[in-house]
Amino acid sequence: MTITKGIVFTKDQIIDLYNNVGWSSYLENKNELWKAIENSLASYSMLLNNRIMGYARILGDGITTIIIQDLLIRTEYQGKGRGSELLRYILEEYKNIRQIYVICDDQAYLNQFYEKNGFKEIQKYSERCYAIFH
């Protein structure tokens, strides 16, 4: 598998990946999803034979702060280190960024994944994070 920066996939290919991992809320408006991808700071794709196996998109200024907004790995490749590989690639690319955030659902497997890869809950940094969800 290779990791490539940029939008190197079609709208249908990325929709297929979001479907594969069950992220249905993103698919309620596929045009908005595509616009969000286009407007992201960066996109990273994990490809095998020109098929998208994993994807991550980054928000932020790329100088002091980034947010890893989405990180998806096709279900048949989950649990095989591919998500960690993609995350390490991104962290290396942004190694000089002071603040790197991830927002994810409060599910044990996601908590374990990000903690295994060096992330801590924000309270452990004596910081607070606030949000409004609609």
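The values are calculated or read from the model by the stated rules, or taken from the named source; none is laboratory data. On a predicted model such as this, the values are computed, not experimentally measured, just so you know. Methodologically, a virtual Cβ is constructed for each residue, glycine included, from the backbone with ideal geometry; neighbour enumeration extends over all protein chains shown.
Just need a number here: residues in the range 89-134 that are assigned to a loop (DSSP other than H, G, I, E, B) and of a type in the set (S, T, N, Q).
Here the count works out to 4.
LYS95 - would you say it is of a type outside the set (A, V, I, L, M), over 15 Å from the mean Cα position of the chain (by Cα) and exposed (fewer than 10 other Cβ atoms within 10 Å of the Cβ)?
It is true that LYS95 is of a type outside the set (A, V, I, L, M), over 15 Å from the mean Cα position of the chain (by Cα) and exposed (fewer than 10 other Cβ atoms within 10 Å of the Cβ).
I'd like to know if the range 70-87 contains one or more residues that are modelled with pLDDT under 95 and within 19 Å of SER40 (Cβ to Cβ).
Yes: the range 70-87 contains one or more residues that are modelled with pLDDT under 95 and within 19 Å of SER40 (Cβ to Cβ).
Does SER45 count as outside any strand (DSSP E or B) and either under 16 Å from the mean Cα position of the chain (by Cα) or not hydroxyl-bearing (Ser, Thr, Tyr) (or both)? Even if it seems obvious, please write down each step before you answer.
Working: outside any strand (DSSP E or B): no; either under 16 Å from the mean Cα position of the chain (by Cα) or not hydroxyl-bearing (Ser, Thr, Tyr) (or both): yes.
The answer is no for SER45.
How about the range 63-88: which of its residues are in contact (Cβ under 8 Å) with a residue 40 or more places away in the chain, part of a helix (DSSP H, G or I), buried (at least 17 other Cβ atoms within 10 Å of the Cβ) and not charged (D, E, K, R)?
LEU86
Select from the range 1-42 the residues that are of a type in the set (Val, Ile, Thr) and part of a helix (DSSP H, G or I) and write down the one among them that is nearest to PHE133 (Cα to Cα).
Going residue by residue through the range 1-42, those that are of a type in the set (Val, Ile, Thr) are 2-4, 7-8, 10, 14-15, 21, 37.
Subsequent filtering for residues that are part of a helix (DSSP H, G or I) retains 14-15, 21, 37.
Values: ILE14: 24, ILE15: 23, VAL21: 22, ILE37: 19 Å.
My answer is ILE37.
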